[in-house]
Amino acid sequence: MSGARPRPPYRNGPLHPTPPAHTMTSMDSDLRLTAVGRRYGIRGPWVLRGVDLVIAPGTLTRIEGANGTGKSTLLRLLAGLDAPSEGRITGRPRTAYVPERFPSALPFTAAGYLTHLGTVHGLGRRAAARAAATWLERFGAGAHAGTPMARLSKGSSQKVAVAQALLGDPELLVLDEAWTGLDTAARGELERAVAERAAAGGAVVFVDHDPRRLAGAPDATYAVTGGGLERRTGDRTRPAGPVTLVTVQGAPGGQLPPDAVRVAVSAEETAPGSHRLAVPASHSDILLRALLTARPPWHVVRVEPPASPPSADPGSCP
């Protein structure tokens with residue numbers, strides 16, 4: 001690219017080093033699509049038309065659909081990378097986006113690219129470098145910090161793509177097949193980062209080819225079909241994958257922390273002040289952090305290791 005500075009996929013606002021989940025920036029208002037349509041060219045066929053969608057703070061939304069139905073077009077509209085051909089989009093939050101194909105042949109090292117993004121969006125160079133190192137280490141790519149982007153493997157390049165999106169504590173995180181190419185540890189880390197974002201009051205919208213990805217965690221699932229959007233689920237359903245059961249004790253009549261309520265798929269008060277919560281195994285760290293950092297903190301009585309979800313209510317489990 002002969003010295004040209006890339007336009008970063010991160011948009012809309014200054015970056016800040018990622019803080020602990022309980023202090024992350026929350027999303028202030030809904031992102032709303034009203035009668036949105038998108039086509040390419042004045043006489044081109046409509047890829048999407050008549051799409052109504054609300055993305056609320058603190059929610060996780062899954063988008064499904066066959067190849068070529070317009071999933072990526074919808075995500076680009078949500079990320080603010082494309083403008084609607086008709087209709088309107090209101091309530092634009094600070095947004096980070098991981099595209100399906102990340103341009104890895106950039107004139108930077110991995111750390112240099114992330115540091116550059118941080119400085120472009122307002123961080124001092126030292127703070128940007130620290131944030132870059134933190135996210136590279138978190139995704140297991142610290143050893144490649146000094147590797148030129150063009151020489152990174154597909155998996156390492158994808159780790160940089162994910163890191164650039166999370167670097168700035170976005171209010172809305174949009175992921176288009178972001179898990180593709182990641183190793184098992186990095187896939188789990190991305191799931192934890194998604195849970196942190198939603199638990200902190202941000203919003204996440206994602207597409208993934210694996211139907212087990214974050215199974216049971218999304219607040220809503222939509223399918224893109226025939227150029228429109230069809231809601232597949234209402235309230236969050238029981239996870240299809242492993243769940244962790246957490247028993248906690250607080251003051252009688254005490255309210256569970258909002259971050260814990262957001263990440264749990266069910267909660268039952270079994271005695272005054274005693275609650276049993278079910279949470280997808282990938283989200284258990286976020287739940288425990290929310291409970292232990294509450295004021296006053298909750299006492300964690302028992303954590304039952306991940307197991308396949310029971311057919312009965314969590315309260316009936318031994």
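The values are calculated or read from the model by the stated rules, or taken from the named source; none is laboratory data. Quick caveat: nothing in here was measured; it's all calculated off a predicted structure. Quick reminder, even Gly has a Cβ in these numbers, built from the backbone with ideal geometry, and neighbours come from all protein chains shown.
Looking at the stretch 209-234, I want the residues that are assigned to a loop (DSSP other than H, G, I, E, B) and buried (at least 17 other Cβ atoms within 10 Å of the Cβ) and have a partner that is at pLDDT below 90 and of a type in the set (A, V, I, L, M, F, W, C) with Cβ atoms under 6 Å, at least 6 apart or on another chain. Which pairs are those?
Close Cβ pairs satisfying both conditions: Ala215/Ala240; Gly216/Ala240; Gly216/Val265.
Right, Phe108: crowded, with 21+ Cβ neighbours inside 10 Å and touching a residue at least 12 places away in the same chain (Cβ under 8 Å) or not?
no
Go through the stretch 23-53 and give me each residue that's part of a strand (DSSP E or B) and within 16 Å of the chain's Cα centre (by Cα).
Answer for the stretch 23-53, where residues must be part of a strand (DSSP E or B) and within 16 Å of the chain's Cα centre (by Cα): just Leu31.
Could you list all residues from the stretch 106-146 that are part of a helix (DSSP H, G or I), more than 21 Å from Ala178 (Cα to Cα) and touching a Ser or Thr at 6+ places or on another chain (Cβ under 6 Å)?
Within the stretch 106-146, Arg125, Ala128, Ala129 meet the criteria.
Select, from Ala161, Ala215, the only residue that is at pLDDT below 90 and under 30 Å from Val36 (Cβ atoms). Talk me through it step by step, then tell me what you get.
On the way: Ala161 fails: at pLDDT below 90.
Checking each option against the conditions leaves just Ala215.
Out of the residues in the stretch 251-310 that are under 24 Å from the mean Cα position of the chain (by Cα) and of a type in the set (Asp, Glu), state the one that is surrounded by the fewest Cβ atoms within 10 Å (Cβ to Cβ).
The extreme case among them is Asp285.
Look at the stretch 161-208 and say how many of its residues are of a type in the set (Ser, Thr, Tyr) and either closer than 20 Å to Ala133 by Cα or touching a residue at least 60 places away in the same chain (Cβ under 8 Å) (or both).
Number of matching residues: 1.
Between a residue in the stretch 245-258 that is closer than 14 Å to Val279 by Cα and any residue that is basic (Lys, Arg) and not in a loop (DSSP other than H, G, I, E, B), which pairs come within a Cβ distance under 6 Å, given they are 6 or more apart or on different chains?
Thr247/Arg276; Thr247/Arg302
Limited to the stretch 54-96, what total is found for residues that are in a loop (DSSP other than H, G, I, E, B) and farther than 15 Å from Val207 by Cα?
Within the stretch 54-96, the subset in a loop (DSSP other than H, G, I, E, B) is 56-59, 65-70, 80-85, 91-94.
Those left that are additionally farther than 15 Å from Val207 by Cα: 56-58, 80-85, 91-94.
So the answer is 13.
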